Every structure is written in C-alpha cells, then in structure tokens.
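For reference, the structure is listed below as structure tokens.
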Amino acid sequence: MEHRNRYLTRIISIVNQKGGVGKTTTAVSLSSCLAEARRHTLLLDVDPQGNATSGLGWPKKDLSRTVFDLLIDDSPLESILLPTPVEGLWLAPSNNDLLSVELELAGDDQGKFTLKKSLARFFWERSAEARPDYVIIDCPPSLSLLSLNAILASDSIVIPVQCEYYALEGLTEILASASMIRQSFNPRLSLEGILLTMADRRLNLSRQVEEDIRQAYKEYVFETVISRSVRLSEAPSHGLPITQYDPESPGARAYQELTQEVINHETKSARPWPVRPSL
C-alpha cells in the first residue's frame, strides 16, 4: 500500500449533508491548529453561508474577491487569499455570491472538476517547498455541485457527526454517497476520519450514539470527541478560532488533540474505504 508523502499537500474536505453538526467549527479549528503546529495551511470556504470567512474575522459584505472568482472567472487562487489571525493560515473566502455557482457550472460536463483544476494550477506554479502542507475545505451542508467539486479535489474527507438520534443512519448515507463519488471520479479518496461532535457524555443518548458509531466504524472514528461548549459557539462572533479566543478551554484542547491525530496520519498508509456495516 502506498504511503502518504509528508512533503505533498494534503487536501481534506469537511463534509456533512446536514447543517449544525460542527462542520464549519471543525474546518476553522482544524485549520488553525494545523497552522499553529507549523503546517502551512489554506482554508477554502466553499459554503455560500461564508461562516468560516466571518469566523476568521472577515465581514462577508466587504469582500472584493471570493471563491466565486476562482470557480467562475478562473482567477488564480493566490489572488483571492486573505490573511487570518493565525500565522501560517490563509483563507479563500466566500459569501452568498457562491449561490449562483451551481447554475453557472451545471451546464458544463467538466464543471465538477473546476476546483480540482484551480488547485492543480496553484500547485504547479510553486516549488514543493512553497506549497502549503494542508488545504482544508469547508463544504456546504448538502451534497451539492460545490461539495462535489470539493470532494473531487480532495485526498480525504472528515465527517463530523453530532451525537444525536439518527446519527448512524445519516452517517451511513453520507458514506454511501462519498463511496459512489470515489468509485466514479476520485479513486484516491480516503476517509480521514469520523468526528463525534456536540457530545454530552452525561446523557445516555450521547453515550449510546458514540458506542454505536465506534462499534460500526471502529478505527475510522477519531479518538477525540468534541463536547458541547459555550466557548466554541462564542468564538466565531469574535472573528477568532477557539485556540485564540480561549486557548485553555476544553474545546481548544479537543481540537488540538484532533489535529495531532490528523498529523499522525502523515506517515501512515491511507486506509481502504470502509465497508458498510450491517445496521
């Protein structure tokens, strides 16, 4: 089995077809922690809601260039990148202009590969040393053409799953969809991991959901669990990632632990795609 090369950029999409599961919080927090761990990182916000953009301190109404320009006008990626409060982390921002991208690309058979081509050009124009270590993509809360663009450009996906009723059923549906995309268009795609979010281990339901998902998907589930946290929910309104808003909080420590798990994957073989469990 081929091993991942530490010196090649790893592209990871944060994917869930449901909103409110910690997807954007995970994208912002993981990106920030990677940069703080001295991994040069780009965060691509391809969600028209633009919450990752505002969560890193950029008002969506003030943007002159966004991912829209990257996908529709073929603007170079470097021309839309913005600095963030975290050294080593750059942002490709978005706003609701992205809502029209679906219609613009839908009539093009190659439209689903637009982001992949843009990233390939960005990498091609740079030496290996000048390329980022990671590209993290925050996807919309749906399996739309924007999400498809992200998944086709990615090496792996992270699926945040809220510890609630029906979580396992929803997770199985997402993996089935990603598996079809993988088989048809992106055979190198792997599952970086399943991340349990908004957990409250004081509740029987939350503990049972965690147990069920770990039993079904075993090593594909991150050891780190993201618990419900007021500080995590407050951080975006201050335009800061949790590690800068409250670096000593449980949420900050949890995302630092998750980041170390992701970094540990750098020297390991990409795992085979998980077999669908019997539910």
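Derivation of every value follows stated rules applied to the coordinates shown; laboratory data play no part. It should be emphasised that the depicted structure is a prediction, and the values quoted were computed from it without experimental measurement. Counting neighbours? That spans all protein chains shown, and the Cβs are built from the backbone with ideal geometry, glycine included.
Within the stretch 66-118, track down each residue that is of a type in the set (D, E, K, R) and either on the phi < 0 side of the Ramachandran plot or in a helix (DSSP H, G or I) (or both).
Across the stretch 66-118, the qualifying residues are Asp69, Asp73, Glu78, Glu87, Asp97, Glu102, Glu104, Asp108, Asp109, Lys112, Lys116, Lys117.
If you scan the stretch 234-270, which residues turn out to be among the charged types (D, E, K, R), within 19 Å of Gly193 (Cβ to Cβ) and assigned to a loop (DSSP other than H, G, I, E, B)?
Within the stretch 234-270, Lys268 is the sole residue that qualifies.
Just the residues that are crowded, with 24+ Cβ neighbours inside 10 Å, closer than 26 Å to Met198 by Cα and not small (Gly, Ala, Ser), please, taken from the stretch 141-157.
Leu146, Ile151, Ile157
Any idea which of (1) among the aromatic types (Phe, Trp, Tyr); (2) without any contact (Cβ under 8 Å) to a residue 60 or more places away in the chain; (3) farther than 22 Å from Val135 by Cα is the one Tyr220 doesn't satisfy?
The failed condition is (3).
Conditions tested, residue by residue: (1) closer than 20 Å to Val21 by Cβ; (2) without any contact (Cβ under 8 Å) to a residue 40 or more places away in the chain; (3) of a type in the set (Lys, Arg).
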| residue | (1), (2), (3) |
| --- | --- |
| Tyr134 | no, no, no |
| Tyr165 | yes, no, no |
| Ile181 | yes, yes, no |
| Phe185 | no, no, no |
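Name, by its number, the condition in (1) touching a residue at least 24 places away in the same chain (Cβ under 8 Å); (2) in contact with a strand residue (DSSP E or B) (Cβ under 7 Å, 6 or more places away or on another chain) that does not hold for Pro250.
The number of the failed condition is (1).
Is there a residue in the stretch 93-100 that is under 23 Å from Arg126 (Cα atoms) and surrounded by fewer than 19 Cβ atoms within 10 Å (Cβ to Cβ)?
There is no residue in the stretch 93-100 that is under 23 Å from Arg126 (Cα atoms) and surrounded by fewer than 19 Cβ atoms within 10 Å (Cβ to Cβ).
For the stretch 201-220, check the following and say yes or no: at least one residue is under 30 Å from Arg38 (Cβ atoms) and among the polar types (S, T, N, Q).
Looking for residues that are under 30 Å from Arg38 (Cβ atoms) and among the polar types (S, T, N, Q), one finds none in the stretch 201-220, hence no.
Mind listing whichever residues of the stretch 168-199 are of a type in the set (Asp, Glu), surrounded by 12 or more Cβ atoms within 10 Å (Cβ to Cβ) and outside any strand (DSSP E or B)?
Glu173
When both residues are 6+ apart or on different chains and their Cβ atoms are under 6 Å apart, which pairs have a first residue that lies in the stretch 52-68 and is in contact (Cβ under 8 Å) with a residue 60 or more places away in the chain and of a type in the set (S, T, N, Q), and a second that is surrounded by fewer than 19 Cβ atoms within 10 Å (Cβ to Cβ) and not in a loop (DSSP other than H, G, I, E, B)?
Close Cβ pairs (under 6 Å, with a partner that is surrounded by fewer than 19 Cβ atoms within 10 Å (Cβ to Cβ) and not in a loop (DSSP other than H, G, I, E, B)) amount to Ser54/Lys60.
Select from the stretch 12-58 the residues that are closer than 18 Å to Leu143 by Cβ and part of a helix (DSSP H, G or I) and list them in ascending order.
Lys23, Thr24, Thr26, Ala27 - these are the residues of the stretch 12-58 that are closer than 18 Å to Leu143 by Cβ and part of a helix (DSSP H, G or I).
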